[in-house]
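Single-structure report; data block below.
The values are calculated or read from the model by the stated rules, or taken from the named source; none is laboratory data. Remember, it's a predicted structure, so these values are computed and weren't measured experimentally. Cβ placement follows ideal geometry from the backbone for every residue including glycine, while neighbour counts extend to all protein chains displayed.
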Amino acid sequence: MSLNSKREVQCPRCSQFTEVTVWDSVTVRDSADLKRDLLSGKINMFRCPSCSYSALMPDPMLYHDEDRKLMISFSPCADDDVKRRLYENVVKTSEKSGELKKLEGYNLRFVTDYNELLEKILIFDNDLSDKTVEVIKLMILSQDADKADNRVCRFGKCENGVMEFMIYDSKEAMTYTSSVPSETYDAVNAGLRESGVKPYSFGWEIVDASYAARLLTGFNG
Ligand SMILES: [Zn+2]
């Protein structure tokens with residue numbers, strides 16, 4: 001069920017108070033509009049009507065797509081240590097509540113970045129596996145290995161047998177596009193399945209670049 005609460009928030013720039021609707025959970029079946037707002041970056045975003053200052057609210061949110069058997073736990077956070085603690089907390093809470101039994105066959109993801117949340121939704125909406133996509137992103141970034149540290153690669157779209165990725169280089173302040181044929185995805189995906197990577201979760205998972213790096217060095221997650 002989609003749940004929200006209203007909160008008075010003071011603008012950190014101009015001090016004006018504004019009422020913000022904060023969503024704790026977004027269930028896709030409830031409202032296609034809500035999902036559309038999420039994908040366009042309007043959910044849990046504070047926008048000051050008087051000075052246009054905008055910022056993401058710090059509140060966690062649960063995204064649930066019953067039809068795709070996808071659940072994403074989103075906790076906004078930029079610090080790696082805090083991220084690890086939040087993740088452990090989500091794992092512990094869900095073990096205690098016994099909810100995992102009800103989520104058999106699901107993909108369960110934990111993310112801390114809004115763009116990562118949107119990317120995950122997009123990947124699953126395209127019937128793709130984020131584990132395979134993360135491996136392909138590593139392959140793309142390794143083509144310019146010396147620049148990889150400054151770059152973030154995100155899945156863009158998949159159309160007419162071509163996957164498009166956006167590469168943002170923070171040092172050059174440039175965005176590049178990279179295309180990968182769907183056949184490459186299929187081959188990598190089949191390889192991962194053969195090596196034992198499951199298309200569903202046994203618990204909450206962080207599927208990111210370090211996850212993909214561990215997969216490539218022989219860890220089967
Ligand atoms: Zn303001």
Would you check which residues across segment 33-61 are away from the ligand (no atom under 14 Å from the Cβ) and not in a loop (DSSP other than H, G, I, E, B) and list them?
D33, L34, K35, R36, D37, L38, L39, L56, M61
Right, E116: closer than 15 Å to I206 by Cβ, more than 16 Å from the ligand (Cβ to nearest atom) and buried (at least 16 other Cβ atoms within 10 Å of the Cβ) or not?
yes
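Conditions (1) surrounded by fewer than 20 Cβ atoms within 10 Å (Cβ to Cβ); (2) in the same structural domain as F17 (by TED's automatic domain parsing), marked per residue:
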position	(1), (2)
M45	yes, yes
R85	yes, no
K101	yes, no
I123	no, no
S75 - would you say it is surrounded by 12 or more Cβ atoms within 10 Å (Cβ to Cβ), under 28 Å from D127 (Cα atoms), modelled with pLDDT under 95 and away from the ligand (no atom under 16 Å from the Cβ)?
no
Any residue that is touching a helix residue (DSSP H, G or I) at 6+ places or on another chain (Cβ under 8 Å) and either outside any strand (DSSP E or B) or touching a residue at least 24 places away in the same chain (Cβ under 8 Å) (or both) - is there at least one of those in segment 81-91?
no
What number of residues within segment 7-60 are over 17 Å from the mean Cα position of the chain (by Cα) and among the basic types (K, R)?
4
Residue by residue through segment 4-32, note down the ones that are hydrophobic (A, V, I, L, M, F, W, C), more than 16 Å from the ligand (Cβ to nearest atom) and surrounded by 13 or more Cβ atoms within 10 Å (Cβ to Cβ).
V22, W23, V26, V28
Looking only at helices (runs of 4 or more DSSP H) that fall completely inside segment 100-205, which ones have 1 or more residues that are more than 19 Å from R68 (Cβ to Cβ), among the hydrophobic types (A, V, I, L, M, F, W, C) and in contact (Cβ under 8 Å) with a residue 40 or more places away in the chain?
130-141, 182-194
Report, ordered by the first and then the second residue, all pairs with beta carbons closer than 8 Å, sequence separation of six or more or different chains, a first member in segment 36-60 that is within 17 Å of S2 (Cβ to Cβ), and a second member that is acidic (D, E) and away from the ligand (no atom under 14 Å from the Cβ).
I43/D37; N44/D59; D59/D24; P60/D24
Among the residues of segment 190-202, is there at least one that is acidic (D, E) and more than 19 Å from the chain's Cα centre (by Cα)?
yes
